[in-house]
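Asks: Pasting a structure below so you can have a look.
The values are calculated or read from the model by the stated rules, or taken from the named source; none is laboratory data. In this text, all values refer to a predicted model and were calculated from it rather than measured experimentally. Cβ placement follows ideal geometry from the backbone for every residue including glycine, while neighbour counts extend to all protein chains displayed. Protein only, heavy atoms only, side chains kept; ligands, DNA and RNA dropped before computing areas. Shrake-Rupley method; radii C 1.70, N 1.55, O 1.52, S 1.80 Å.
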Amino acid sequence: RGLFSRLVHEANFNMSTSPQEAGLKGEIRSTIVTSKGNACPIAVRLAWHASGTFDSSDGSGGSDGATMRFAPESTDGANAGLEIMRNMLKPLKAAHPELSTADLWTLAGHTAVEISGGPQVPYSFGRTDAADDTAPPPNGRLPDASQGAEHLRDVFYRMGFDDREIVVLSGAHTLGRCHADRSGFVGPWTSNPLTFDNSFFKNLLEMKWTPKQWDGPFQYVNETEELMMLPTDIALIQDAKFLPYVQLYAKDEAAFFRDFALAFSKLTSLGCPAHVNPLNSRTQAKV
């Protein structure tokens, strides 16, 4: 039995990390965290954006197919800069030709969360790669950071998420920063952008956020102007239904980790065969 077949079998019948999965995670870690820098945030963003195109009404989009290899998805403005991580992972794909690019991208995102101090995210292998660009999802399905609460609901409800999952997945902003040459926005959300914790939610509640005075797109900054928030971030504390979850995760990091692990695993399984979703037989977390 080849590596790919063993991965699919062991991941679906044994929820603990298999030796093969652990080995791949080790190779991913050596690839995305080097003496030159730490690329964990962009690895999470690649997995997120490759998955966040799913439409539950017709089953299109999602991580299966790794369709961001092709235009127009690869040239979507929302995916600017992600070619850096796609190219970074290509040697690993070459070293493991039996592993799909779709599995590699999503596993890299899960691994990045874990090695940044976050939770272990349930994972199953079995995604496949589209042979060509004949069925890519249309551009415009990913969240637009310049919008508000109703836009978030439009995007996330389309994928099958609820308000709690919208908030917890927004917590991925605890990693990384915005770059003017990619999104147009500038700055990190937290003072430790390479650490996965609940600082994003604490900052939302504990800091004063005001519009940034500049020539770029509308965003918010804290009093020192060292940190930033996007309009979609501020919407989480302005919306009465989102706010209780922000308060929960700011107070209880364990709850954030638990719920993020489940929601991110669900996200990266969207558009995939049922056996790829490790949560099919699991009980969802409750308040």
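Asks: Report yes if some residue within region 101-112 is open to solvent by 30 Å² or more (accessible area, probe 1.4 Å), modelled with pLDDT of 95 or more and acidic (Asp, Glu); otherwise report no.
Replies: no
Asks: Something else: Can you pull out the residues in region 186-223 that are out of contact with any Phe, Trp or Tyr (no Cβ under 9 Å at 6 or more places or on another chain) and under 25 Å from GLY37 (Cβ atoms)?
Replies: Of everything in region 186-223, those that are out of contact with any Phe, Trp or Tyr (no Cβ under 9 Å at 6 or more places or on another chain) and under 25 Å from GLY37 (Cβ atoms) turn out to be GLY187, PRO188, SER191, ASN192, PRO193, LEU194, THR195.
Asks: Just need a number here: residues in region 174-201 that are touching a Ser or Thr at 6+ places or on another chain (Cβ under 7 Å) and outside any loop (DSSP other than H, G, I, E, B).
Replies: The total comes to 3.
Asks: If you don't mind, another one. For residues that are open to solvent by 50 Å² or more (accessible area, probe 1.4 Å) and modelled with pLDDT of 60 or more, scanning just region 6-21, find the one that is farthest from LYS93 (Cα to Cα).
Replies: Selected residue: SER16.
Asks: For region 213-221, does any single residue satisfy the condition of being over 20 Å from VAL155 (Cα atoms), of a type in the set (Asp, Glu) and without any contact (Cβ under 8 Å) to a residue 12 or more places away in the chain?
Replies: Scanning region 213-221 turns up at least one residue that is over 20 Å from VAL155 (Cα atoms), of a type in the set (Asp, Glu) and without any contact (Cβ under 8 Å) to a residue 12 or more places away in the chain.
Asks: On to the next question. Residue by residue through region 25-49, note down the ones that are open to solvent by 10 Å² or more (accessible area, probe 1.4 Å) and assigned to a helix (DSSP H, G or I).
Replies: LYS25, GLY26, GLU27, ARG29, SER30, THR31, PRO41, ILE42, ARG45, TRP48, HIS49
Asks: Within region 141-189, take every residue that is polar (S, T, N, Q) and open to solvent by 50 Å² or more (accessible area, probe 1.4 Å) and give me the one that is nearest to the chain's Cα centre (by Cα).
Replies: Taking the candidates together, the pick is SER183.
Asks: Of all the residues that make up region 113-140, how many are under 19 Å from GLY62 (Cβ atoms), open to solvent by 10 Å² or more (accessible area, probe 1.4 Å), polar (S, T, N, Q) and touching a residue at least 60 places away in the same chain (Cβ under 8 Å)?
Replies: The number of residues fulfilling the criteria is 2.
Asks: Sticking with this one: May I ask you to list the residues in region 50-79 that are open to solvent by 20 Å² or more (accessible area, probe 1.4 Å), among the hydroxyl-bearing types (Ser, Thr, Tyr) and not in a helix (DSSP H, G or I)?
Replies: Once the filter is applied, which keeps residues that are open to solvent by 20 Å² or more (accessible area, probe 1.4 Å), among the hydroxyl-bearing types (Ser, Thr, Tyr) and not in a helix (DSSP H, G or I), region 50-79 yields SER56, SER57, SER60.
Asks: Just checking, how many residues over region 197-227 are farther than 17 Å from VAL246 by Cβ and surrounded by 14 or more Cβ atoms within 10 Å (Cβ to Cβ)?
Replies: So the answer is 4.
Asks: Please count how many residues of region 143-177 are over 12 Å from LEU236 (Cβ atoms), of a type in the set (Asp, Glu) and touching a residue at least 60 places away in the same chain (Cβ under 8 Å).
Replies: Of the residues in that region, 2 qualify.
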